[in-house]
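A short write-up of the structure that comes next.
The values are calculated or read from the model by the stated rules, or taken from the named source; none is laboratory data. Just so you know, these numbers come straight off a predicted model, no measurement behind them. Ideal geometry is used to build each Cβ from the backbone, glycine not excepted, and the neighbour counts take in all protein chains shown.
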Amino acid sequence: MKGKMHAVFKEKPEYGAVYKEVEIPDIGEEQVLIKVESTSICGTDYHIYIWNKWAQENIKPPQIMGHEVAGEVVEVGSRVEKVKKGDFVSSETHIPCGHCYQCQTGQQHICQNMKIFGVHQDGVFAEYAVLEEVDVWKNDPSIPKDFASIQEPLGNAIDTILPGNVAGKDVLITGAGPVGLISVAVARAFGATNILVSEPNEYRRKLSLEMGADHVINPIETNLLTAVDDIFGEKGVDFTAEMSGHPDAIRDGIKAVTGGGIVSLLGLPDDKVKLDLTNDIIFKNIKVVGVTGRKMFSTWHIASNLVKGERIDLSPVITHEFPLKDFEKGMKLMEEGNCGKIILKP
């Protein structure tokens, strides 16, 4: 397809981005072109926008931003077999090499030669976008477009909560950013008995309750370990899902878990974190799980079933919607923290 389109472009290695007219991209033999119908802002996109240390080390402008998407296939490469024109699709963001040890043993999401959609190549903050066939997920037509566009972060939440085997258990979630908020609903859908959310932002504490949390605290005002003791007793929690990356939240989240319990770590610290491995992990015989992205594609089946079967309601977490050209309004809300997921519409 030839022609022009509008896109959010990281034009220079500096703060900000621009909304500009660019060429509609060409596709390769194993790629598809989609008309973007709904896309959402991720924390990664915000980091690219503000040009933090991580972005400086990983992004090579000029580049189109964005990676969470739902859209319609309008063109397919000559070797594409998975989808056809007119299909309603979303996209995985890991682009695996297909031949390393991890790819050959069912662990494509931790490929040794991984490229990330919207990080190492152009993304979806545009009217049209190119997807790799290996990453295309064919959506059930009954799923609302906005819900379909946030299945990728829903997958993050699912893979964080699943290791906890949370049915009938007491759960602590530290950090109620958008993925943390979704994790509350996932834990509830998977049968958690009591859910405590620790989050300093008042707006997101309120959203946590809407998503299904039983208790919320502000860790700046209330000691987390004291709150855990008050709510759950000396036992502590059975499972902690750490979503913030804050060193104190990581340490306290681990301390809060009962002996033999489980901790999932999704949040990314800015620097090294000092832990008491002897007393807080080894002697307590707890299991600590690192989580990155989503499994391809078993997690997507779970996400789709939860949404399609209305076992999870993503409505409360979608707090704002803007035309793509007003993306800076969304970035401002991300900076303030007074939002859940922000949808952009081309």
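One line per residue, one yes/no per condition, for (1) part of a loop (DSSP other than H, G, I, E, B); (2) surrounded by fewer than 24 Cβ atoms within 10 Å (Cβ to Cβ); (3) not charged (D, E, K, R):
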| site | (1), (2), (3) |
| --- | --- |
| Cys97 | yes, yes, yes |
| Cys103 | no, yes, yes |
| Asp140 | yes, yes, no |
| Pro153 | no, no, yes |
| Ala157 | no, no, yes |
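All of Lys332, Lys272 fail the test of being outside the structural domain of Glu37 (by TED's automatic domain parsing), surrounded by fewer than 19 Cβ atoms within 10 Å (Cβ to Cβ) and without any contact (Cβ under 8 Å) to a residue 24 or more places away in the chain, apart from Lys272.
The strands (runs of 3 or more DSSP E) found entirely in the stretch 1-69 that carry 1 or more residues being in contact (Cβ under 8 Å) with a residue 40 or more places away in the chain and within 23 Å of Ala148 (Cα to Cα) are 4-10, 31-40. Checked against (1) surrounded by 15 or more Cβ atoms within 10 Å (Cβ to Cβ); (2) modelled with pLDDT of 95 or more, Lys325 passes all but condition (1). If only residues of the stretch 277-322 that are in a loop (DSSP other than H, G, I, E, B), of a type in the set (D, E, K, R) and touching a residue at least 24 places away in the same chain (Cβ under 8 Å) are counted, the one that is surrounded by the most Cβ atoms within 10 Å (Cβ to Cβ) is Arg294.
Being farther than 17 Å from Leu162 by Cβ and not small (Gly, Ala, Ser) is a property that Asn285 has. For the stretch 80-95, enumerate the residues that are surrounded by 14 or more Cβ atoms within 10 Å (Cβ to Cβ) and either of a type in the set (Asp, Glu) or outside the structural domain of Cys42 (by TED's automatic domain parsing) (or both). Those that are surrounded by 14 or more Cβ atoms within 10 Å (Cβ to Cβ) and either of a type in the set (Asp, Glu) or outside the structural domain of Cys42 (by TED's automatic domain parsing) (or both): Asp87, Glu92.
The numbered conditions (1) outside the structural domain of Val32 (by TED's automatic domain parsing); (2) buried (at least 24 other Cβ atoms within 10 Å of the Cβ); (3) more than 19 Å from Ser298 (Cα to Cα); (4) not hydrophobic (A, V, I, L, M, F, W, C) are all true for Gly118 except (1). Can you pull out every residue in the stretch 167-177 that is farther than 7 Å from Met243 by Cβ and either surrounded by 24 or more Cβ atoms within 10 Å (Cβ to Cβ) or free of Cβ contacts under 8 Å to residues at least 60 places away in the same chain (or both)? Within the stretch 167-177, Ala167, Gly168, Asp170, Val171, Leu172, Ala176 qualify.
Restricting attention to the stretch 178-205, and to residues there that are assigned to a loop (DSSP other than H, G, I, E, B) and buried (at least 24 other Cβ atoms within 10 Å of the Cβ), which single residue is farthest from the chain's Cα centre (by Cα)? Within the stretch 178-205, the match that is farthest from the chain's Cα centre (by Cα) is Ala192.
In summary, Val124 fulfils each of the numbered conditions (1) touching a residue at least 24 places away in the same chain (Cβ under 8 Å); (2) surrounded by fewer than 24 Cβ atoms within 10 Å (Cβ to Cβ); (3) assigned to a loop (DSSP other than H, G, I, E, B) with the single exception of condition (2).
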